[in-house]
Amino acid sequence: MTAIGSNTMMYKIRTYNQIAVRGLERFPRQRYELGTEIADPDAILLRSHKLSEDDVHDRLRAIARAGAGVNNVPVAHCTRQGVVVFNTPGANANSVKELVLAALFISSRDVVGGVDFVSTLDGVTDAAELNALVEAEKKRFKGRELRGKSLGVVGLGAIGSLVARAALDLGMDVLGYDPSISVDAAWRLPSEVRRMENMPSLFARSDFVTLHMPLLPETEGIVSEEALRSLRPGSVLLNFAREPVVDRQALIRALDDGRLASYVADFPVPGLIGRPNVRLTPHLGASTSEAEENCAVMAANQLIDFLETGNIVNSVNFPAVALEPSSGHRLAITNRNVAGMLGQMTSVLAKHDINIIDMLNKSLGEVAYNLLDIEAAPDDALVGELAAIDSVINVRVLNGNAKG
């Protein structure tokens, strides 16, 4: 139960990793102090740095991950502490899509083997001899075309839908499975994608399968022994989602017995490196300058909007909330999602003769979030009473007309 002052204060943002300059430039320097050594920040901006629960202190109000996955953030603990966790879905989608396309190509044509072979010929100086060697050996690297083959896409969000569209453009037959597809994602999805009712049916009909689901407790190991048994013999599995969504031991067995011809992933792990039917890249999915800039800018904009107006977009643990700022003063109140909370808050405001101009209340799971625009500036006594309500986690005071 804490209270934080108005947005006339200087906000402190602690950064981890190398954040793209374009993102850092979004923060007005007259209102924001940024740095890698800032103590007790209002918000944290990071990429892959792993936070612990000890990093979530009383002053902290938000964490923005410049990327889609938040497995490096203690999200459940943040929720209990009233700390909003943001990610940047879609900002690196094109970058990952292009790497998935590269994976499709190298898994259907032994381009890597061909390049490695040619690199062994650097000592051959006679052009005729070189040509003879190339012609004699090129049959070792014969592959197959993607056109006419089937691609199963598991997870049809920002990345999966882009991959599906690109595969259709390559002339592939595309199947999709996503049990929790959103309305927005469904609108983005090309109509030519055939929807499957479950993962085994998709596996059984696909020459290639690509994974694009988030890492959640319910998706860890979801590509299991049972799922892999449904594969067509000689099929290819691509994993550019998260390494733990695939059961590693079940994967090795599928590779050993030939059910799976090849595995291409962005996550090197012991036991898979060096296998001839495995191609691993060093977590390159979002490693383009464009993706890093897009993620940093989106994360910065979300933090600024939240800190200055209280609005929330792309949070993984709080509801989406957008209330147009008024000319008055704004309270942002986080509470545990229990009955009667809003009535207690409005009763405190009525006791202080404070008129509500506009308000919005939304909940997600165990947490609820409220924006209340009021006519008069709240004093410390009012804020203290609101913060003292049982099950209120934190209270912030904002100027409703302050923006960006």
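Points worth noting:
- Cα convex hull volume per residue for region 320-404 (Å³): 86
- Percent accessible area from carbon and sulfur atoms, the chain, protein chains only, probe 1.4 Å: 51
- Rolling a 1.4 angstrom probe over the protein heavy atoms with all chains in place gives region 11-122 an accessible area of 45 Å² per residue.
- Under 24 Å of direct C-alpha separation, and excluding same-chain neighbours fewer than eight residues apart, Lys138 reaches these lysines: Lys149.
- Only helical runs count toward this figure. For the chain, summing -39,500 (n - 2.57) over DSSP H runs of n ≥ 4 and dividing by all residues gives -9000 deg cm²/dmol at 222 nm.
- If you run the Gaussian network model on the chain, springs between alpha carbon atoms under 10 Å, then out of Gly123, Gly234, Gly221 the most flexible one is Gly123.
- With every protein chain in place and a 1.4 angstrom probe, the accessible-area ranking of Ile13, Ile357, largest first, reads Ile357, Ile13.
- Probe 1.4 Å, protein heavy atoms only - accessible area per residue of region 270-404 in square angstrom: 43
- Expressed to the nearest 5 percent, the antiparallel share of DSSP beta bridges inside the chain is 40 percent.
- Candidate residues Met341, Met10: accessible-area rank, largest first, probe 1.4 Å: Met10, Met341
- Straight-distance crosslink candidates among aspartates and glutamates, where the alpha carbon sits under 15 Å from Lys351 and sequence neighbours closer than 8 are dropped: Glu375, Asp379, Asp380, Glu385
- Solvent exposure of region 174-218, expressed per residue, is 55 Å² of accessible area, with all protein chains present and a 1.4 angstrom probe.
- Cα centroid separation - region 307-377 against region 218-268, whole Å: 45
- Computed from the alpha carbon atoms alone, the convex hull of region 59-171 holds 165 Å³ per residue.
- Candidates Ala381, Ala368, Ala332, ranked by Gaussian network fluctuation over the chain, Cα under 10 Å, top entry: Ala381
The values are calculated or read from the model by the stated rules, or taken from the named source; none is laboratory data. Predicted model only: the values in this text are computed from it and were never measured. What goes into the accessible areas is simple: the full protein's heavy atoms, side chains included, and nothing from ligands, DNA or RNA. Shrake-Rupley method; radii C 1.70, N 1.55, O 1.52, S 1.80 Å.
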